[in-house]
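The block underneath contains the structure these notes are about, expressed in structure tokens.
Every number here is computed from the coordinates shown, using simple stated rules; none is lab data. Note that the coordinates shown come from a computational prediction; the quantities given were computed from them, not determined experimentally. In this analysis, Cβ positions are derived from the backbone assuming ideal geometry, glycine residues included, and neighbour counts consider all displayed protein chains.
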Amino acid sequence: MILPEAGDLLTPAMAIDGFRLGCLVDASTGMVLASAQSEDAPAAPTAAAGAADLVNVLTLLNGKLATGEILEDVMITFSDSFFMVRPVGRDTEPRILLLVVADRHRTNLAMAHRSLRDLCASFPA
Amino acid sequence: MSQNSRRTRVRQLAESVWPGRTVNGYANLIAARLRRLADEGSTGMLPVAGRGDGAVFFRGGQVVNAESSRTSLPSPRTSGLAALGLTRREASHSPGAPGPPGPPGEGHPGEAGLVAARSVSRLTGMLELTELIIDALTELLSSESRYAKFRPAEVLPVGQGRPMPVEALLTEVQRRHEVQRQLAAVLTPDTAVARHPSLDPPAAQVSPTQWSLLARAGDGTTPRGLAMQLGRSVFGTTIEVYRLLELGLLVVPGRPPPPADGRLGTGISFIRAVSGERGSDALPAVS
């Protein structure tokens, strides 16, 4: 882990029902800054790399469309899990992404979505 | 800061010990040396010479700093090579530049990180410093680099940097080399780029970082040059320049324009750059 101190920021995400993996990811380089995981978690480097790739594609889409919009979050549903990605901070160019992977059968998506939104909003600037 | 002077002095140090060449160049030898220093819990400096001259600083077997003449320094204040007299003194005192490094332990931008990263701004600040250290390591661990004799020290001149485990750093450097290999057919840190001749800003939306690159891009500009100019990571800047190529806002002079769908070959994939192994660097497992 490159920035183990950043693990503190992930602690609230671990309270989400069905939590499997949480990562803070450098959006620009795809580097994992910190991670927390349960025993059945997917590989953090691969999940984080996928999150960064997703956001990069969506940023490219946004850049091409030039609508002036800002990416708020990404929610992906797999057969057994949810992948949720949200930029941390309120900058127009967020540097850090929060990725949470949760067990689909134990997670209320709406509640998890709300938890992540509140969590990111609660990070001190 | 004079990079030529630093390169010369570090090369002189490196020439004192010249390891045998391997099939894959010297990078594996340097990685092995870093692992051994970690195992021994070493404190001191490992000079590295070659395409990117510089040094890796250890404390207690963990890396606290790395510098390369081909990447940006966090600031003159954090330069361990300057404190050891391996750079020209006057360069550290250029107008507007902070003074030379203070006494060991006096303070360091990463020192706050030893407490905790409880705010986004602090985390971002730690990331910026860490990014430049990993950027230097990525350059130093190229196949053309060679290490010199390790110089042990009781106290490092770079203050209380945030220690990082060698194995995590080597994994990250390997991932970055893989990303660079993906981009190599289109763009390297030393590829000259230029603004698109018919650049139409309202036709695309760019981030402030990308805009700062666009504003500085001219004939012969390279990602490395932009990074050094802005004090940013060469690796990160190369990726941002590639994204500007994808958006059609920058071009590589002399190369045919990208196809209508804007795709530049296979593009960047961070997933392809990581191995399939399960991560082991996480917080303790939760039930």
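GNM, chain A, Cα, under 10 Å: largest mean-square fluctuation among A:SER28, A:SER79, A:SER115?
Sorting by GNM fluctuation, first place goes to A:SER79.
Counting other beta carbons within 10 Å of each Cβ, put A:VAL25, B:VAL64 in order, fewest first.
Least crowded to most crowded, the residues run B:VAL64, A:VAL25.
Let me check I've understood the local charge: for A:ARG114, count other residues with C-beta under 15 angstrom from its C-beta, Lys and Arg +1, Asp and Glu -1. What total comes out? It would help to have the intermediate numbers written out before the result.
Details: positive: A:ARG86, A:ARG117; negative: A:ASP17, A:GLU72, A:ASP73, A:ASP118.
After counting each charged neighbour, the total is -2.
Shielding by partners for A:39-51, please: the mean number of other protein chain Cβ atoms within 10 Å of each residue's Cβ.
5
Test of understanding: in a Gaussian network model of chain A with alpha carbons linked when under 10 Å, which of A:GLU69, A:GLU39, A:GLU93 would top the mean-square fluctuation ranking?
Residue with maximal mean-square fluctuation among A:GLU69, A:GLU39, A:GLU93: A:GLU39.
Quick one: 3J(HN,Hα) in Hz for the stretch A:69-76, Karplus 6.51/-1.76/1.60 with θ = phi - 60°, rounded, Gly and Pro as x.
3J(HN,Hα) across the stretch A:69-76, in whole Hz: 7, 10, 5, 9, 6, 10, 10, 10.
At R0 = 22 Å, how high is the FRET efficiency between B:TRP211 and A:VAL57 if r is their beta carbon distance? Nearest 0.05 is fine. Spell out each step's value before the answer.
On the way: r = 20 Å, r/R0 = 0.92.
The value I calculate is 0.60.
Summarise the partner chain shielding of B:246-254 as one whole number: the mean count of Cβ atoms from other chains within 10 Å of each residue's Cβ.
Numbers: counts 4, 5, 2, 1, 0, 0, 0, 0, 0.
Partner Cβ neighbours, averaged per residue: 1.
Using a Gaussian network model on chain A with a 10 Å cutoff between Cα atoms, which of A:ASP80, A:ASP53, A:ASP26 fluctuates the most?
Evaluated over chain A, the most mobile residue of the options is A:ASP80.
Pull up all non-local amide H partners of B:SER145: gap of 5 or more, or a different chain, and H-to-H distance under 5 Å with H placed in the peptide plane.
Excluding prolines and chain starts, which carry no amide H, the hits are B:TYR26, B:ALA27, B:ARG51.
Per residue of A:99-110, how many C-beta atoms from partner chains lie within 10 Å of its own C-beta, taken as a mean?
Partner Cβ neighbours, averaged per residue: 0.
Run the Debye formula on the Cα coordinates of the stretch A:1-79, all scatterers equal and no solvent, and tell me log10 I(q)/I(0) at q = 0.11, 0.25 1/Å.
-0.33, -1.25
What angle do you read, to the nearest 10 degrees and between 0 and 90, between the alpha-carbon axis of helix A:44-65 and the longest principal axis of chain A?
The two axes meet at around 30 degrees.
Amide H of B:VAL63: which non-local residues (sequence gap of 5 or more, or other chain) have their own amide H closer than 5 Å, using H built in the peptide plane?
B:MET164, B:VAL166
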